[in-house]
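Let me begin by presenting the structure, written as structure tokens, before commenting on it.
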Amino acid sequence: MKLLKNILFLLILLTFSIKLKAQDLVIDSLKLALKQAKHDTTRLKILSELSEVCEVEDILKYAEPCAKLAEKNALSSPTKTLNFFYLVHLAGAFNNIGFLAQQQGDVAKALEFYHKSLKIREDINDKHGIAVSLNNIGFIYKNQGDIPKALEYYHKSLKIQEEIKDKFGIARSLNNIGLIYDNQGDIPKALEYHQRSLKIQEEILDKNGIAISLNNIGVIYKNQGNVSNALKYIHQSLKIRQEIKDKHGIAISFDNIGVIYQNQGDIPKALEYFHRSLKINEEIKDKGGIAYSLNNIGRILLQQGKVSEALDYAYRSFQISK
């Protein structure tokens, strides 16, 4: 069984938000500020922020009006500075619309909007934005199994990030490339890129990034059959995720630890971690995570001969996955 790995789209301009009370307050305050905003520049900033912190299904509520407002003003802006401002927000809105399409499985639409965003960013020479778009397009190709194309776009993104000395972006691109080499079975290359990513993240004190790299390195060791190293790295990742209260990451770590115990034949421990993961995924309403945890539990129940219970978990997983 495969373990979950953290696949990052570089700064996809969307924060994968856990629905906490603090975040609800942020959204409410932004909505209030939007009602009171008197200038289009202010409205654009707020709409952009809302499209980043909202739930995925709400993206269009903010990204579409953001795109319309930005496009209208870009055509009539009196100065180059204002024109740049509006086009930056237009590209960001297109990017977020592309992200939503990707989440909904509409790959053609996702690529259309990612490329629209990329073109604007190239026109205004927004190198940071260009790197983001290249990375997102690479991620699509990676999911489609077009590895040469994925690596082409990831390396283009990495090159720009190195030019502008964006260490945060460099680390994420190295991580993405490492994941591809891992999936291709090139373990030395995969470890090389993940270790390079980890080193940069430790330099810039990016705890979330450190946790992701540690997790991915642990997964590689697990696939090599090095259980002690696998548990060592994944537990280090879990500890950081617990410190920064990254519930999504904690659930991934629990699932990964559960898989290792299952492969070792320690079924009670495996079930314990799968249920802990399921509980968190249900708390944060992560449907993908819920489906994954339900499936893991169902598989163990089937192995134990508890066919009726296994069928219940498998069916619930199937319905959510659809």
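The values are calculated or read from the model by the stated rules, or taken from the named source; none is laboratory data. Note that the structure is a prediction, hence the values are computed from the model and not measured. Note that we place each Cβ from the backbone using ideal geometry, even for glycine, and neighbour counts take in every protein chain shown. With ligands, DNA and RNA removed, areas are computed over all heavy atoms of the protein, side chains included. Shrake-Rupley method; radii C 1.70, N 1.55, O 1.52, S 1.80 Å.
Evaluating residue 228 against the criteria (1) modelled with pLDDT of 90 or more; (2) within 24 Å of residue 180 (Cβ to Cβ); (3) out of contact with any Asp or Glu (no Cβ under 9 Å at 6 or more places or on another chain); (4) open to solvent by 20 Å² or more (accessible area, probe 1.4 Å) leaves one unmet condition, (2).
Check whether at least one residue in the range 229-244 is free of Cβ contacts under 8 Å to residues at least 40 places away in the same chain and hydroxyl-bearing (Ser, Thr, Tyr), and report yes or no. Yes: one or more hits. Do we find that residue 73 is over 28 Å from residue 182 (Cβ atoms), in contact with an Asp or Glu (Cβ under 6 Å, 6 or more places away or on another chain) and either in contact (Cβ under 8 Å) with a residue 24 or more places away in the chain or open to solvent by less than 30 Å² (accessible area, probe 1.4 Å) (or both) in this structure? Yes, satisfied. Within the range 32-69, restricting attention to residues that are open to solvent by 80 Å² or more (accessible area, probe 1.4 Å) and part of a helix (DSSP H, G or I), the residue that is farthest from residue 83 (Cα to Cα) is 57. Within the range 251-280, residues that are over 18 Å from residue 223 (Cα atoms) and open to solvent by 70 Å² or more (accessible area, probe 1.4 Å) have Cβ atoms under 6 Å from residues that are in a helix (DSSP H, G or I) and at pLDDT 95 or above in these pairs: 276/254, counting only partners at least 6 apart in sequence or on another chain. Filtering the range 283-303 to residues that are touching a residue at least 60 places away in the same chain (Cβ under 8 Å) and either part of a loop (DSSP other than H, G, I, E, B) or hydrophobic (A, V, I, L, M, F, W, C) (or both) leaves 284, 285. Only residues that are aliphatic (A, V, I, L, M) and farther than 30 Å from residue 288 by Cβ were counted across the range 91-124, and they come to 2.
With respect to being of a type in the set (Asp, Glu) and loosely packed, with under 15 Cβ neighbours inside 10 Å, residue 146 fits the description. The lone criterion from (1) of a type outside the set (Ser, Thr, Tyr); (2) surrounded by 20 or more Cβ atoms within 10 Å (Cβ to Cβ); (3) in contact with a Leu (Cβ under 7 Å, 6 or more places away or on another chain) left unmet by residue 316 is number (2).
If you go through the range 96-106 and keep only what is out of contact with any helix residue (DSSP H, G or I) (no Cβ under 6 Å at 6 or more places or on another chain) and without any contact (Cβ under 8 Å) to a residue 60 or more places away in the chain, you end up with 104, 105, 106. Taken over the range 304-317, the criterion of being free of Cβ contacts under 8 Å to residues at least 12 places away in the same chain and within 24 Å of residue 256 (Cβ to Cβ) is satisfied by 306, 309.
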